[in-house]
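The values are calculated or read from the model by the stated rules, or taken from the named source; none is laboratory data. All values derive from a computational prediction rather than experimental measurement. Methodologically, a virtual Cβ is constructed for each residue, glycine included, from the backbone with ideal geometry; neighbour enumeration extends over all protein chains shown. Note: areas computed on protein heavy atoms with side chains; ligands, DNA, RNA excluded. Shrake-Rupley method; radii C 1.70, N 1.55, O 1.52, S 1.80 Å.
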Amino acid sequence: MRRISLTVNGVKHDAMVEPRQLLVYFLREQLALTGTNVGCDTSTCGACTILVNGKSAKSCTLLAVQADGAEVTTIEGLASNGEMHPLQKAFHESHGLQCGYCTPGMIMASVDLIANNDAMSDEDIRMGLEGNLCRCTGYQNIVKSVQQAAGEMRSPAST
Amino acid sequence: MTPTKERTIAPPVRGGVGTSARRQDSVPKVKGEFAYSSDLWAEGMLWGATVRSPHPRAAIRSLDITDALTVSGVHAVLTHEDVPGRKLFGMEIVDQPVLAWDEIRYEGEPVALVAADHPENARRAADRLRVDYEELPPLVDPERAVEPDAPQLHASGNLIRHARIRCGDPAVTADVVIEGTYETAMQDQAFLGPESGLAVPAEDGGIDLYVATQWLHVDLEQLAASLGLPQDKVRITLAGVGGAFGAREDLSMQIHCCMLALYTGRPVKMMYSREESFFGHVHRHPARMHYEHGATREGELVYVKARIVLDGGAYASSSTAVCANATAFACGPYEVPNVQVDALAVYTNNPPCGAMRGFGAVQACFAYESQMDKLADALGMDPVELRMKNAMSTGSAMPTGQIVEGPAPVAELLRRVKEMSLPPAGHDAPLDLRSLPGGVSNTTHGEGIRRGVGYAIGFKNIAFSEGSDDFATARVRLFAAGGEPQVEVHSAAAEVGQGVGVVQIQVARTELGVERVTLLPADTTVGSAGSSSASRQTWMTGGAVKSACEAVRARLLERAAGELGGSPSDFSMEGGKIVSQTNGIEVSIADLLGRDSIEETREYRHRKTYPMDPETGQGDAHVAFAFAAHRAIVDVDTELGLVRVVELATAQDVGKAINPLSVEGQIEGGSAQGLGLALMEEIQVSNGRIRNPSFTDYLIPTVLDMPPMKIDVLELGDPEAPYGVKGVGEAPTISSTPAVIAALRDATGRALERAPVRPEDVVGLTEREVR
């Protein structure tokens, strides 16, 4: 067992983990943060996407020990002061989900995408989300949701 | 065709029928708070694991659990001897062992179960189970399986069903005759949330199961039988479902998880990995289809002859019904006077196949639409014109003799997709590699690229067919809280992502004029809703909620008449109030109810259907039909075989869009799954073994594979259905596959008789092999 120390959604955690423990199972089983889903186990589907030090990462192919000292954000940590993040609002408003299993990963990947790209075309959004699979929506409303949220996040009104 | 007019008593309420009301589950889903079956947890729970056969066909000589039991943390190792009740299960034919005992019939067949304190210990113990197998040569060719000297995989023989259509003159001849042999591969539903559930033993000796499934009550019947429990001791609650698409209609871990929980007296959770999921559910039947079409020189269809062989794999699942669909829809939505169809579903040692979105109609549509293009080519006709000339319409007779009574806008849908504007040809300067096949792999700068356009139309039945007693149940309760009327809706309809939850809420809002509607969790304490399949839930459970609301409304108006004087017909509900037509007295619903509530439960049934005659296929087997047409535009790198779908356009009649946003979502998602079958999706099975059980090797469309769509939704109101609805979910999956492949043929001039089309097919390396 190894001791790790990390911040998850603003809360500091010290924990003992098996060196082989995957970060996603640490989050789901030890911290009970089940919003991050496991869809494929092979870092293909992106359902497990989280932010590690602000960068999107697939938590099914990271070890918990790799997150030692890191600042991790999961879908549960996205809302602030009870107010949903613009991406959460947009996926709700623009019907960016059906079964919703891919949604936390889609949203977390989009947080990074929007933060690191200026005005994006639909094609840019598609390129940025290629690593996240959705089986229900055919992606049309996911692209729409991200576009809507990006607009809101960049508008001068939202600070 | 005019839409059915519904009497609305209440003034329009916000979020009712016909609005894009937001889903009741989307806020918890975007916040990560929605509890999928894989998120469940109970105090003191154990983890279950399944031991599966590594061989597609084998005899089990012996099973030794001794070593497995010694692994630390193990609480139980169970085999077929521990199945408390019926050792077989199955939805239509009870032929599948809960745990195999003498013979293995497919790779991955469950042999034993383990419960341990940790999933890793459970898997470690599973590895220690010693099974002595005598490997046998697997029977993997479905054509071979029906030869008289083939080894028999089941006591009933290898033929699951042979469905036929005999219509018109079998000896008729035609001016122009074309033939073709087509294949579709085994497709996986590839829902994103693998199979999982939690079983909790109850004090009464019964069991509570929380599981992601499509049909709670058919699970319950099979569970009770195999657990040896009366049905009232088995209670199932729907856990959050991460997609379904047919794959959750059959049982996967349900019996296993309950067995472990009952044996250990502890809650047990099971959760498949993605790899196990490929072995843990049924897939879309691969099909081999030989077709012969005869037509006049003017392009009128004279006859269709078809032989369709569906590989059912090791167990029957829903093969009989898939076979019936492939038969009934074998000729497509066209008027054909003379038809001979033979469709066979057979047992092999391949993975079991059953329900997937489109259910038998997908395979046939690829074949008949490929034939229509081939025929158009032979006649020198425009392929859309040929289709429109032969299009079925209301009043047409199907080859089964059934008259199509509802709207059948075949020609109209084709005309609409044909007339939609085309995306610009060529590429913008400066060159954007992302817009080319091969993308940023930089495989071409435009040289060798050809554009193709293809069309297809398909159709399929809505709801259960061939005489099954198809019904849905809903319970509706009206009460007052905080001075406001509120409604609770309770049904067992499985919300699998498609949006049947918000549909029920919308129906209740419209029928009772009350905006505050809560949907209770789907469970087996209310009657069956039937399956979330066959595009049936909006019609069936929507219909049940509507009936229950009508009954609640009638009782409320009776009560008003009783308290205020007059007869119930003197009163109406308007904006949360009861209004007397005669003297204008008003009373709020909340005041009228006080502390009482009004609750009604209703079952909704669609009209009776009849089996297809086993010799001739004749019979009114279906209640209604859904139609959709697609136009696909592709760019093909003809040298490397790489494909980029530029655009998909579709037109579909949905009868009535209860929730237009959900309808579009279903059309887009369904079209994507059809595109997947056209271009990439195939479970590769070699000598009975799955070679690609992972998302790295089984590809589904990414956001880059799926192009923007143009969608035209028609609402032609089916007079049979509540609000005139038709099912939406399956039709788009049916016609998108042949449209994409037609576009590839247009671009390459190649025959492309197999779906999915691979790069080697596009460049012509496999043309002989297919024939």
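Note on the stretch A:11-159: Cα-only Rg and Dmax are 15.1, 46 Å. Put +1 on the Cβ of every Lys and Arg and -1 on every Asp and Glu Cβ in the stretch B:521-601; which of B:T541, B:N583, B:A554 then has its Cα farthest towards the positive end of the dipole? After comparing all options, I get B:T541. Please report, to two decimal places, log10 I(q)/I(0) for the protein assembly as shown at q = 0.06, 0.08, 0.09 Å⁻¹ as given by the Debye formula with identical point scatterers on the Cα atoms and no solvent. Debye output, listed in q order: -0.42, -0.76, -0.97. Rolling a 1.4 angstrom probe over the protein assembly as shown with all protein chains present gives an accessible area of which 48% lies on carbon and sulfur atoms.
Note on the stretch B:657-771: Cα-Cα pairs beyond 26 Å make up 34% of the total pair count. With coordinates expressed along the principal axes, the C-alpha atoms belonging to the stretch B:474-619 extend over 65, 30, 22 Å, beginning with the largest. Once the Cα atoms are used to define both axes, helix A:140-154 deviates from the longest principal axis of chain A by about 90 degrees. Here's the picture: charge each Lys and Arg Cβ at +1 and each Asp and Glu Cβ at -1 in the protein assembly as shown, and of A:L63, B:T766, B:L129 the one pushed furthest to the positive end of that dipole is A:L63.
Please report, to one decimal in angstroms, the Kirkwood hydrodynamic radius of the stretch B:174-230 built from all distinct Cα-Cα pairs. Display every interim value, and only then the final one.
Numbers: mean 1/r = 0.0636 Å⁻¹.
One over the average 1/r among Cα pairs gives 15.7 Å for the stretch B:174-230.
Loop-located trypsin sites (Lys or Arg not before Pro) in the stretch B:561-667 (DSSP state not H, G, I, E or B) with no more than 15 neighbouring Cβ atoms inside 10 Å: B:R595, B:R607, B:K608. Simple point charges give the picture: +1 on the Cβ of Lys and Arg, -1 on the Cβ of Asp and Glu, and for the protein assembly as shown a dipole about the Cα centre of about 800 debye. Taking amide hydrogens as placed 1.01 Å from N in the peptide plane, the amide H of B:I690 sits under 5 Å from that of no residue at least 5 positions away in sequence or on another chain. Leaving out same-chain residues fewer than 8 places away, which lysines sit with a Cα under 26 Å from that of B:K305? The qualifying lysines are B:K374, B:K389, B:K460. Geometric descriptor of chain B, per residue, is 173 Å³ (volume of the convex hull of the Cα atoms).
Around A:P19, what is the net charge, scoring Lys/Arg as +1 and Asp/Glu as -1 over all other residues with Cβ under 12 Å from its Cβ? Kindly include the intermediate steps, with their values, before the conclusion.
Working: positive: A:R2, A:R3, A:R20; negative: A:E18, A:D68.
In short, +1.
Across the stretch A:2-76, Cα pairs under 8 Å and at least six residues apart give a relative contact order of 40 percent.
About the Cα centre of the stretch A:2-76, what is the dipole size in debye to 20, counting +1 per Lys and Arg Cβ and -1 per Asp and Glu Cβ, all else neutral? Write out the running numbers ahead of the final one.
On the way: 7 positive and 7 negative charges, 23 e Å.
Dipole of the stretch A:2-76, to the nearest 20 debye: 120 debye.
Taking the inverse of the mean reciprocal distance over all distinct Cα pairs, the Kirkwood hydrodynamic radius of the stretch B:204-295 comes to 15.0 Å.
Counting Cβ atoms of other protein chains within 10 Å of each residue's Cβ and taking the mean over peptide B:696-702 gives 5.
Its Cα centre serving as origin, the stretch A:86-153 has a Cβ charge dipole (Lys and Arg +1, Asp and Glu -1) of approximately 300 debye. Normalised by residue number, the volume inside the convex hull of the Cα atoms of the stretch B:406-512 is 287 Å³ per residue.
Quick one, what does Rg over Rh come out to for the stretch A:2-76 if you take C-alpha atoms and the Kirkwood Rh? Intermediate values should be presented prior to the final figure.
On the way: Rg = 10.9 Å, Rh = 11.9 Å.
Rounded to two decimals, Rg/Rh equals 0.92.
Taking every full run of DSSP H in chain B, the ones that stretch at least 24 Å from end to end by Cα along their long axis and average -1.0 or higher on the Kyte-Doolittle scale are B:361-379, B:537-564, B:660-679, B:731-748. Here, the stretch A:86-153 has an Rg and a Dmax of 10.4, 30 Å when only alpha carbons are counted. Accessible surface buried at the A:B interface totals approximately 4300 Å², computed with a 1.4 Å probe on protein heavy atoms. Along its three principal directions, the equivalent ellipsoid of the stretch B:364-404 from the Cα gyration tensor extends over semi-axes of 22, 12, 7 Å, largest first.
Multiplying the residue separation of B:R555 and B:D169 by 0.36 nm and subtracting their alpha-carbon distance yields 133.2 nm. Other residues with beta-carbon under 13 Å from the beta-carbon of B:P407 carry, at +1 per Lys or Arg and -1 per Asp or Glu, a net charge of -4. Specify which residue in the list B:T70, B:Y106, A:G105 is farthest towards the positive end of the charge dipole of the protein assembly as shown, using unit charges on the beta carbon of Lys, Arg (+1) and Asp, Glu (-1), about the Cα centre. Selected residue: A:G105. Take every Cα pair under 8 Å whose residues are at least 6 apart in sequence, average their separation, divide by the length of chain B, and the relative contact order is 17 percent. The residues of chain B expose, per residue, 34 Å² of accessible area to a 1.4 Å probe.
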